[in-house]
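Working notes, beginning with the structure itself.
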Amino acid sequence: MGAWLRKKAVDEEVNPDEVPTGQISAAIIAEVDGGTSPSEGTEAVEAASKTDVESTTTGPADLEQALADRQALIQLCLYALDRARSGGVVERLEHGLAGIGVRALRPDGERFDPAVHEAGGAVATEDPALEGLVAETEVVGFADHDRVLRVPIVIVYAKKAQ
């Protein structure tokens, strides 16, 4: 195994996705122990795999810490989103958050609801069909699954004063 890793590293870049969990550490163990035969590499892989499984066993405290870490990372991403100047960066962050269940709330065109939106301003309209609809989202809101993290701040169409 160690010989495979050395040859692979010399010949071409190793893609971590191609190496099953535990094999890199097994290869290092085999190299340190001086073992490069296939049987020694296999034993090292099995030992490393067992260690990996044992180290990922979580208890209630570990789960609580993981959830706290998740919330901290989400808040950090929201902070970065608010300050991002590149549309591509914003899109990438939103896509990554959506992958873990955090979605952006842009209620443009929806009926304004003070229970789920915050009015940041109004824009006058003469069209009665537009009154009370969200004209645009000023600050994007976010929800983590069903839990609202931040309500969107919106501009609402209002009847033009005569």
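Summed over region 110-162, the residues that are without any contact (Cβ under 8 Å) to a residue 12 or more places away in the chain and among the hydrophobic types (A, V, I, L, M, F, W, C) give a count of 2. Scanning region 110-137 for residues that are open to solvent by less than 50 Å² (accessible area, probe 1.4 Å) and either farther than 21 Å from L81 by Cα or hydroxyl-bearing (S, T, Y) (or both) yields G121, T125, G132, L133, V134, A135, T137.
I'd like to know if region 27-46 contains one or more residues that are open to solvent by 80 Å² or more (accessible area, probe 1.4 Å), part of a helix (DSSP H, G or I) and either under 21 Å from E138 (Cβ atoms) or at pLDDT 95 or above (or both). No, because not a single residue in region 27-46 is open to solvent by 80 Å² or more (accessible area, probe 1.4 Å), part of a helix (DSSP H, G or I) and either under 21 Å from E138 (Cβ atoms) or at pLDDT 95 or above (or both). Just for region 139-162: of the residues that are part of a loop (DSSP other than H, G, I, E, B) and closer than 18 Å to A80 by Cα, which one is most open to solvent (accessible area, probe 1.4 Å)? Ranking the candidates gives V151 first. All of (1) in a helix (DSSP H, G or I); (2) of a type outside the set (D, E, K, R); (3) more than 23 Å from the chain's Cα centre (by Cα) hold for G96 with one exception: (3).
Could you tell me whether any residue of region 110-131 is touching a helix residue (DSSP H, G or I) at 6+ places or on another chain (Cβ under 9 Å), small (G, A, S) and assigned to a strand (DSSP E or B)? No, region 110-131 contains no residue that is touching a helix residue (DSSP H, G or I) at 6+ places or on another chain (Cβ under 9 Å), small (G, A, S) and assigned to a strand (DSSP E or B).
The values are calculated or read from the model by the stated rules, or taken from the named source; none is laboratory data. All values reported here derive from a predicted model rather than from experimental measurement. Cβ: placed from backbone, ideal geometry, glycine included. Neighbour counts: every protein chain shown. Surface areas here come from the heavy atoms of the whole protein model, side chains and all, with no ligands, DNA or RNA. Shrake-Rupley method; radii C 1.70, N 1.55, O 1.52, S 1.80 Å.
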